[in-house]
Every structure is written in C-alpha cells, then in structure tokens.
1. What is the Cα coordinate range of the range 225-301 on the first, second and third principal axes, sorted by size from largest, in whole angstrom?
2. Using a 1.4 angstrom probe on heavy atoms only, work out the carbon and sulfur share of the accessible area of the range 225-301 in %.
3. By how many nm would the segment from K287 to V77 lengthen if fully extended, with 0.36 nm per residue of separation less the alpha-carbon distance?
4. When the Karplus curve 6.51 cos²θ - 1.76 cosθ + 1.60 is applied with θ = phi - 60°, which whole-Hz ³J(HN,Hα) does each residue of the range 231-237 get, with x for Gly and Pro?
5. Using only Cα atoms, what is the ratio of the radius of gyration of the range 52-128 to 2.2 N^0.38 Å?
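The values are calculated or read from the model by the stated rules, or taken from the named source; none is laboratory data. Just so you know, these numbers come straight off a predicted model, no measurement behind them. Just so you know, the surface numbers come from the protein's heavy atoms only, side chains and all, with ligands and any DNA or RNA stripped out. Shrake-Rupley method; radii C 1.70, N 1.55, O 1.52, S 1.80 Å.
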Amino acid sequence: MARHGSLAEQLDALLTFATAPDHEPEPIQTNWTITPANENNPEDVAELKTERLWNISPSVEEMMRQVHAGPVHRNDVGQIVRIGRLRFSDGTQTEQAMKVTIDGKVVTFQDRMPTGAMLGTVDKERAQRGGNENPQELTDSNDYFAEMLKTRKGRYVTASRKRQPRQQISREEAKRILAEAYAKAGDVSKLITRYPDGLPCGSQKVADSFIGMRKTTCAGGGSMAWQDIVTAKADQKEWFDALDALKATDREVLEAARTATNYADIGMSIGQSSEYARRKGGKRVLKAANDNLMAIIGKISA
C-alpha cells in the first residue's frame, strides 16, 4: 500500500472534522411526508410477483435454424468454433461479467468462457409488463429535440455485429498511399463532404443523450423527513460535544489542516519552528490531534 494512502486511511477523524456541517439542516419545503407506511400483510403478497419481459438471444428456434442450415467450422485442433452464425469458445475467449469483491462492491471483469460455451448470448430483463413507453410520447419527444435544435429528425440505427476485415499496413505504406491520394485529388477541399446537422442515433430516445435538458417531476425534492432531521440534530449534538472536549491545541491543529499545504504549516500554527515542523513536528501533532478526536468520538458514541 502506498505510504500516503496508508496515512490518509488513518486520519478518519480529520476527514470528519473537515467535512462535518456547521449548521442545522435547513428545510426547503414542508417536511410532512405523504408516503404511507408499508403495512402490507406478508401473507397477502406472498404469492404475488412482477411480470417482466425477458430478452433471451439467440432463441431456441434461431439456434435450431442455424444448426440445420449453417455450415460447421472447426479450428486447427478440431474444436467447433462456429455453426452458421452461432459462435463457440475454444477456451481462450473472454466476455464481460460481474462479480462481488471482498469489500462487497459489484465490479465488471473479463471472465474466461469455458470451451464449447456459446458466445454473444443475451439473457436479461427487458422491461416490466405494462411499463413500456408510449410510442407516441417517444416520437413527440424526439420531434421536440429536432425542432428545438433545428436538425433533421433522429433515427435509431442498431449496431451491426459484422466487422470489416482489417488490412495491416506499415507506416511507410500508409504515408505513400496518403501522398498518392493528395496528388490525385489536387484540391483537397473538394473531397470534404459536409453533412447537415443531426441528432444522435445510438438510442431510440434522443432525450437520453441530453440528460441536462430532461424534465423531472415537480417538487420532487424538498426537505428531508422529520425523522431524518431529528437524527441529524442528535448526531450534530454529539459532534459538538466531541469538539468541546477537545484540547485547544488539537483544535488549532485540525483547523490549520483544513488549509495547510504541508506539514510545516500545521506545526507552525501552534508555534513550532519551521525546520522542526517540516521534518517531523507537523506530522506528529496532526496524528496526535486526529487520534485524540477519534478517542473522544468513540467515548461519546459508546
């Protein structure tokens, strides 16, 4: 672990001191909640479930169609790697997957596909039944952006799985081809084609590309619930009690750490010489103030 990263992990109390709010939560609107408490009887909802549309590709029918119609391709060691448009792993390919790390976070990684596994399959939820977007509303939304930005109406273009074969050429060969193109073209400006302004076509809903321009629900924010305000005020009182119990010297050190650029600034804030503060004094008093504040917080919270 890096030296500075290890020190940062030890200064939790300093981080809390630097980021703790110094005022009570300010209500913006009424804190009356209109959300009823969840009083559902578990027996009443035990057999209920949400109907969902599920996207599985390729389908069983498509797989059987490729098996009957498509040719079978094998690699050099005799493994089947393709049947029609169906592709299979030879044990070296990877696909993106998700896993839970040791600290409980979900991250993506490249998982090696076992030999014979079908590649490029899809098995995920598409939408909840009854929750599909109204096609007319989608059209009106796309037309609005086209009219507002004075562009052509957007169109959705699906990604193609077909890849053009790449031709490997050297740097010198590329320079030669470019020079020949310049010589034949003469006036390069004649080769430039300017297309009219348009909208993104990678999504069916153009608004997804303009998140800052999307309209959200009115009065969706407002103040936090009164229960959260009470909890926040109780936590704030504990925090102020911890600061009151802190020695004046430790308080000065923590205040100086808010704006200090190095350890010397911290040490000099309590009267240390610049040389001693730079070498070890500033770091020593910072760690001591952090540990003292952490001990007081632990004692009050117990």
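1. The principal-axis extents, from largest down, are 51, 23, 15 Å.
2. Details: 2510 of 4690 Å².
Answer for the range 225-301: carbon and sulfur cover 53 percent of the accessible area.
3. Values: separation 210, 0.36 × 210 = 75.60 nm, distance 6.28 nm.
Taking 0.36 nm per residue and subtracting the Cα distance, the gain is 69.3 nm.
4. The phi angles translate into 5, 5, 5, 5, 5, 5, 5 Hz.
5. Details: Rg = 15.5 Å, N = 77, 2.2 N^0.38 = 11.5 Å.
Ratio of Cα Rg to 2.2 N^0.38 Å: 1.35.
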